[in-house]
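Values quoted throughout were computed directly from the atomic coordinates according to the rules given, and no laboratory measurement underlies them. Treat the numbers as computed from the prediction; the structure is a model and nothing was measured. Using ideal geometry, Cβ is built from the backbone for each residue, glycine included, and neighbour counts are taken over all protein chains shown.
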Amino acid sequence: MLKVRLIPCLLLKNGLLVRSEAFDVHQVVGNPVHQVQRLNAWAIDELVYLDITRDGENDMRRDDHKIKDKKSLLEIIEEVSRSCFMPLTFGGGIRTLEDVRARIAHGADKVAINTMALREPEFITEVAGTFGSQATVVSIDARAHSEGWEVYTACGSTPTGLDVAAWAKEAERRGAGEIFLNSIDRDGIGTGYDLALIRAVVEATRIPVVACGGVGTFKHLVEGVREGGASAVSAANIFHFTEHSTRRAKKAMLDAGVDVRPDRRSAGRSSRQSTNETPRSAARSSRSRE
Amino acid sequence: MVAIVDYGMGNIRSVLNALEALGADGQLVSDASKLDGADRIILPGVGAFGDGMRHLDERGFTEALPECVRSGTPLLGICLGMQLLATRSFEHGEHPGLGLVPSDVRLLEPGGDLRVPHIGWNVVERRRESCLLGDEPDPTFYFVHSFELHPDNLDVVTGTAPYGAPVTAVVEDEHVLGCQFHPEKSQHDGLALLRRFLEL
């Protein structure tokens, strides 16, 4: 049977990796290529990069002007795909089939579309028709109201009046192969997924739903699968600030009985050994295996 | 030199990247006459069967690939590339394939609550001794497909993935090899499989 997937979500802004809170506060946390090389050595199943640089954003407000070696999005995709032997999804700023083609030509396997899908739902069908549904992810940013959830657009800044489950269903009908579901309310808060939101979208669709937004402990990943019914669980901030985060996340999920792909590097060692391993020796052994 | 058949179907850069990571001399080949120097050939691909055959034909590969195999060059088909080895496919009509593995390609019908396409990481179970799978326990690979290869002779199936009924995941018939999953997207286990192909 298919394994439940663990998918770190990396947010890019002006070519740098950021952490996000409530879709509003963004702090730079590093270089997007180095960060993925660190994650790649560990136990993850896919990677999602979302470029949240807003259209026409004023360069004077950028906080990255002192950073050298900053790369364009396509250069980032190219470098990441060179060391990253797993499915890669890139989202953000995709407006035309040419944008999709460029990302795939530089090494992306899938693209996540959001604002353009809402502006012209036919765009979902065009992308799926040209590159296949397996390459077409529709990303949805949801905000909770007293009754249900509303779809927001333009990096979570603008309400659309659409119900989230109904929009997810329409995206599937138009050819989306997967839904990437983000809760704006839970973004960067660390209190756990909005499980009712995930359930509502899982029940409305037959395609895989990737849950994102709110993970503060590894237990939340388990909840997203068990209680939310997500096919894959994603998170961003927790992976930036926790040592050996992805391996520990995988272990927590395995220990809770979730059928995830085990960390191949620990094959042959008992789980007890890998638990007792100090971060320093783990880092050493990871280098020796590369 | 390992020739990667470039016929305009899918993200073949990742196959090249994987070979580079393994230290192999991979080269994209978009013209059948350039297959001459290859000691191994990889036929990758994502997309529809009919389009795939048409693009292979336009570039002269439908004749050249069987010839290379006859002269002893190992050929590995990946995903659509494996399905193109079949006799024929029933994906959107009926299309003849390369005929290198006597087989039909038909829609996946896993039954029950299982969704098609089959997308994600799945374990591959060995059916018999396999050059590609080696002997590591529970090799796990990334799959994305809606159609399945059904060989006339089941002995060529060396690995299957549990998805409803066992799904053909690896075929091996002397120099003709294929995997339904994407080794170039399957991290450690995928690179290990490609390394075994390079060492054949």
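Contour minus end-to-end for A:T191 and A:A166, with contour as 0.36 nm per residue of separation and end-to-end as the Cα-Cα distance?
Numbers: separation 25, 0.36 × 25 = 9.00 nm, distance 2.59 nm.
My answer for the length gained is 6.4 nm.
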- [ ] Using only atoms on other chains, find how many Cβ atoms lie within 10 Å of each Cβ of peptide B:115-126 and report the average.
- [x] 5
TODO: Amide H neighbours of A:D185 under 5 Å, at least 5 residues apart or on other chains, H built in the peptide plane: list them.
DONE: A:A144
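So for each of A:127-134, A:103-110 I average, over its residues, the number of other beta carbons within 10 Å; can you give me the resulting order with the highest mean first?
Result, highest mean first: A:103-110, A:127-134.
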Open item on the list: Using 10 Å bins from zero, what percent of all Cα-Cα pairs in the protein assembly as shown falls into each bin?
Closed with: 4, 20, 31, 26, 15, 4, 0
TODO: Please give the calculated 222 nm ellipticity per residue for chain B, where each DSSP H segment of at least 4 residues contributes -39500 (n - 2.57) and the sum is spread over every residue; nearest 500 deg cm²/dmol?
DONE: -6500 deg cm²/dmol
TODO: Return the long-range amide H neighbours of A:I207 (sequence gap of 5 or more, or a different chain), with a cut-off of under 5 Å between placed amide H atoms.
DONE: none
Task: FRET efficiency for A:E75 and A:T130, using Cβ-Cβ distance with R0 set to 30 Å, rounded to 0.05 - done: 0.80
Task: For chain B: relative contact order, % (alpha-carbon pairs under 8 angstrom, 6 or more apart) - done: 19 percent
Task: Total charge dipole magnitude, region B:1-154, about the Cα centre, Cβ charges on Lys, Arg, Asp, Glu only, Debye to nearest 20 - done: 40 debye
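For the pairs A:K219/B:K185; A:K13/A:K219; A:K3/A:K251; A:K3/A:K110, flag any whose C-alpha to C-alpha distance is greater than 23 Å. Write out the running numbers ahead of the final one.
On the way: A:K219/B:K185 28 Å; A:K13/A:K219 29 Å; A:K3/A:K251 14 Å; A:K3/A:K110 19 Å.
Pairs exceeding the cut-off: A:K219/B:K185; A:K13/A:K219.
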Open item on the list: If every alpha-carbon in region B:53-200 counts as one equal scatterer, what log10 I(q)/I(0) does Debye give at q = 0.16, 0.19 1/Å?
Closed with: -0.83, -1.18
TODO: Please list the non-local residues whose amide H lies under 5 Å from the amide H of B:G159, H modeled 1.01 Å from N, same-chain partners needing a gap of 5 or more.
DONE: B:R127, B:A169, B:V170
Task: Label-point separation in nm, B:M1 to B:T73, each point 7 Å along Cα→Cβ - done: 0.9 nm
Task: Antiparallel DSSP beta bridges within chain B, percent to nearest 5 - done: 60 percent
- [ ] Compute the length gained on full extension between B:D25 and B:E63: take 0.36 nm times their separation in residues and subtract their Cα-Cα distance, giving the result in nm to one decimal.
- [x] 11.3 nm
Open item on the list: So if I place +1 on the C-beta of Lys and Arg and -1 on the C-beta of Asp and Glu, and nothing else carries charge, what would the dipole magnitude of the protein assembly as shown be about its Cα centre? I want it in debye, nearest 20.
Closed with: 1660 debye
Task: Volume per residue that the Cα convex hull of region B:1-51 spans, once the total is divided by residue count, Å³ - done: 68 Å³
Task: Inter-site label distance for A:E21 and B:D36 at 7 Å from Cα along Cβ, in nm - done: 6.6 nm
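What average number of partner chain Cβ atoms lie no more than 10 Å from the Cβ of the residues making up B:133-146?
On the way: counts 0, 0, 0, 3, 2, 4, 1, 6, 1, 9, 1, 8, 1, 3.
If you average over the peptide's residues, the count of other-chain Cβ atoms is 3.
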